[in-house]
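The values are calculated or read from the model by the stated rules, or taken from the named source; none is laboratory data. None of the values given here were measured: they were computed from a predicted structure. So basically every Cβ, Gly included, is an ideal-geometry build from the backbone, and we count neighbours across all protein chains shown. For accessibility, only protein heavy atoms count, side chains too; no ligands or nucleic acids. Shrake-Rupley method; radii C 1.70, N 1.55, O 1.52, S 1.80 Å.
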Amino acid sequence: MTISGRVPLLLLLGVAAVVLRPSGGTVLLWLLGVLLLAGLDLLLTPGPTSIGLTRRPPGTVRLGDPATSVLVVANTGARRVHLQVRDAWQPSAGAGTNRFRLHLPAGDQRRLTTPLLPRRRGDLRAAGVTVRSWGPLGLTARQRTFDVPGAVRALPPFDSRKHLPSRLARLRELDGRAAVRVRGQGTEFDSLREYVRGDDVRSIDWRASARSPHVVVRTWQPERDRRVVLVLDTSRTSAGRVARVVGEAETDGMPRLDAAMDAALLLGALASRAGDRIDFAAGDRRVRARQRLHGVRDVAARLQEQMADLDPTLVEADWDLLAGAVQGFGRQRALVVLLTALEPSAIADGLLPVLPALTRHHRVVVASVRDPELTRLAEAADDPALAPTADTVYDAAAAAQELHRRDRMRAVLQRLGVDVVDADAESLPPALADHYLALKAQGLL
């Protein structure tokens with residue numbers, strides 16, 4: 001049970017009675033009177049067990065988008081009830097107005113809507129519904145917390161979706177599906193046509209020309225039905241927070257893993273629209289997600305579902321295991337995109353030994369999220385507007401050394417035949433998509 005603020009007020013009113021008749025008996029009688037009223041009110045209070053609670057599933061929402069939870073409260077008893085209801089959720093669900101007062105006649109029901117604004121990915125669950133039933137005098141209440149299951153699933157936001165239309169337009173030009181149809185310069189045979197001035201003589205099909213009164217050339221189009229394998233590193237390096245620069249403004253930091261997910265979603269959506277087959281794997285010391293997405297209608301939506309429950313793990317990545325997961329998708333040549341941090345120590349100890357086995361069969365790209373804070377610190381000592389101090393000089397030297405180590409590791413990877421795309425969180429998704437389109441245009445997939 002619980003009491004309302006009316007009980008202390010009644011006790012304070014007893015001060016007037018004590019002033020008029022100052023004695024211990026007056027105090028005792030007043031206390032007994034208040035306790036009697038409170039006890040009577042408690043006896044007349046309907047129990048919360050007569051309240052029926054059902055919840056309608058909130059469903060799925062992208063991280064940062066609002067959602068609502070609808071709770072149906074029904075009075076299954078024979079008396080009118082005065083209720084306070086609290087629909088509690090875990091803090092990261094971002095529950096807004098979740099406390100309600102209502103009066104329910106017997107047999108009536110109400111819908112209570114709680115606004116939600118998820119602040120992290122995954123399944124965010126309801127913590128319980130607390131019902132407080134007040135007595136007719138409003139002095140006491142009976143309270144009980146019910147377990148009413150409910151969850152809202154928050155998916156990665158896919159902020160880079162805004163870059164998809166422009167890359168699809170470039171893909172249509174590349175693939176010969178634009179309004180003015182132009183054959184792409186790929187390596188996959190498309191059709192035969194009559195030779196015209198300016199055609200490459202190496203594309204002449206002499207056998208077809210021998211059967212035709214005209215010289216015939218082959219036309220080619222960019223490759224289709226190629227494989228793209230996305231590998232997401234969820235080890236300790238993915239837990240680091242990096243600044244995000246939007247335009248000229250720098251926003252709050254975001255986990256490196258979330259930025260890598262955004263890049264993977266854009267590339268997956270683009271490659272699927274290009275007709276390529278998408279495979280996805282994620283892990284650290286164990287494979288946490290692995291799925292073939294060939295034939296899936298909405299690859300981005302399926303990738304979001306796979307990524308929703310992924311969180312960084314504070315362990316080193318087992319690249320032998322992840323490379324085995326890639327080989328498990330098949331030995332057909334593929335574009336393997338490793339979304340991991342370009343951290344020299346982690347790459348030298350874990351990734352470098354397995355790269356020869358991958359580059360022997362596949363085209364490998366390492367996509368890394370760069371923290372713009374490193375560049376800012378490295379340039380801070382040279383800023384004439386700031387007076388140099390020992391701390392700024394030390395920070396600039398440390399940042400410059402780290403940038404130099406990253407450049408050396410990039411050079412090592414490139415000598416092994418690995419392409420490196422290193423950009424900040426906002427620029428990485430379009431940069432990776434542009435690199436994919438450039439490889440496709442050159443016939444290197």
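A few comments on the model shown:
- In this calculation the C-beta distance from T359 to L314 is compared with R0 = 45 Å, giving a FRET efficiency of 0.95.
- Membrane-span-like helices in the chain, defined here as complete DSSP H runs extending at least 15 Å along the helix axis by their C-alpha atoms with mean Kyte-Doolittle hydropathy no lower than -1.0, are 6-20, 24-43, 164-175, 256-273, 390-415, 428-441; this is a sequence and geometry rule, not a statement about a membrane.
- FRET efficiency, R21 to M1 (Cβ-Cβ, R0 25 Å, nearest 0.05): 0.20
- To the nearest 10, the accessible area of L35 is 120 Å² with a 1.4 Å probe.
- Solvent-accessible area per residue, Å², over the chain with all protein chains present [probe radius 1.4 Å]: 51 Å²
- Antiparallel DSSP beta bridges within the chain, as percent of all bridges there, nearest 5: 70 percent
- Shape call, region 284-343: gyration tensor on alpha carbons, a/c limit 1.5: oblate
- Percent accessible area from carbon and sulfur atoms, region 345-445, protein chains only, probe 1.4 Å: 54 percent
- Spin-label model, H214 to R333: label points 7 Å out along the Cα-to-beta-carbon direction sit 3.3 nm apart.
- Rounded to the nearest 20, the Cβ-based charge dipole of region 2-102 about its Cα centre (Lys and Arg +1, Asp and Glu -1) stands at 180 debye.
- Measuring spread by the Cα atoms of the chain yields a radius of gyration and Dmax of 33.0, 128 Å.
- Taking each DSSP H run with n ≥ 4 as -39500 (n - 2.57) and averaging over every residue of the chain yields -10000 deg cm²/dmol at 222 nm.
- For the chain, with +1 on Lys and Arg beta carbons and -1 on Asp and Glu, the positive-most of G47, L310, A264 along the dipole: G47
- FRET E, pair L10, L117, Förster distance 45 Å, beta-carbon r, rounded to 0.05: 0.65
- Accessible surface of region 123-172 [probe 1.4 Å, protein heavy atoms]: carbon and sulfur percent: 49 percent
- Alpha-carbon centroid distance for the pair region 89-112 / region 1-46, whole angstrom: 32 Å
- For region 349-445, radius of gyration divided by Kirkwood radius, i.e. Rg to Rh on alpha-carbons: 1.10
- Net charge dipole size for the chain [Lys, Arg +1 and Asp, Glu -1 on Cβ; Debye, nearest 20]: 2140 debye
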